[in-house]
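Structure first, commentary second.
The values are calculated or read from the model by the stated rules, or taken from the named source; none is laboratory data. Just so it is clear, the structure is predicted and the values come from calculations on it, not from any experiment. Cβ sites come from the backbone with ideal geometry, for glycine too, and all protein chains shown count toward neighbours. In case anyone asks, the SASA skips ligands and DNA or RNA and just uses the protein heavy atoms, side chains included. Shrake-Rupley method; radii C 1.70, N 1.55, O 1.52, S 1.80 Å.
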Amino acid sequence: MITTTTPTIEGRRIAEYKGIVFGEVIAGVDFIKDFAASLTNFFGGRSGSYEGELIQAREEALREMESRARQMGANAVVGVDIDYEVLGQGGNMLMVTASGTAVIVE
């Protein structure tokens, strides 16, 4: 599955547009990660625990989007966009949404 943020794929012709596809993931951040992140915030530096959650959620959203594109008979997704939102009381949930257009390329 070719997945790209661009509207076309260089050297390939889009033969058919299948439709818009989405992949959504909502991940909770637990107390331990919150505590570790608060220490990082206090002392400075990067929060590895939050970064790990973010990377995992993004990869899952992309996989889900690609799976839905395959179910539509597509072999590529173009124009991919990834959005991040914080949800829940206290902002303890992370939502990652990947969207794009499922296509068949030759």
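Observations on the model:
- Reported count of residues in the range 12-33, each being out of contact with any Phe, Trp or Tyr (no Cβ under 9 Å at 6 or more places or on another chain) and either at pLDDT below 90 or farther than 13 Å from ILE82 by Cα (or both), is 15.
- GLY73, sole failed condition from (1) of a type outside the set (Asp, Glu); (2) surrounded by 13 or more Cβ atoms within 10 Å (Cβ to Cβ); (3) modelled with pLDDT of 95 or more: (2)
- Top-ranked residue in the range 76-106 [being over 19 Å from MET1 (Cβ atoms) and in a loop (DSSP other than H, G, I, E, B); ranked as most open to solvent (accessible area, probe 1.4 Å)]: GLN89
- Applying the set (1) at pLDDT below 70; (2) under 15 Å from MET95 (Cβ atoms); (3) not polar (S, T, N, Q) to GLU53 leaves exactly one unmet item: (1).
- Contacts under 6 angstrom Cβ, first residue in the range 62-74 being farther than 14 Å from THR97 by Cα, partner open to solvent by less than 40 Å² (accessible area, probe 1.4 Å), 6 or more apart: ALA69/VAL21; ALA69/VAL77; ALA69/ALA102; MET72/ALA102; ALA74/ALA102; ALA74/VAL103
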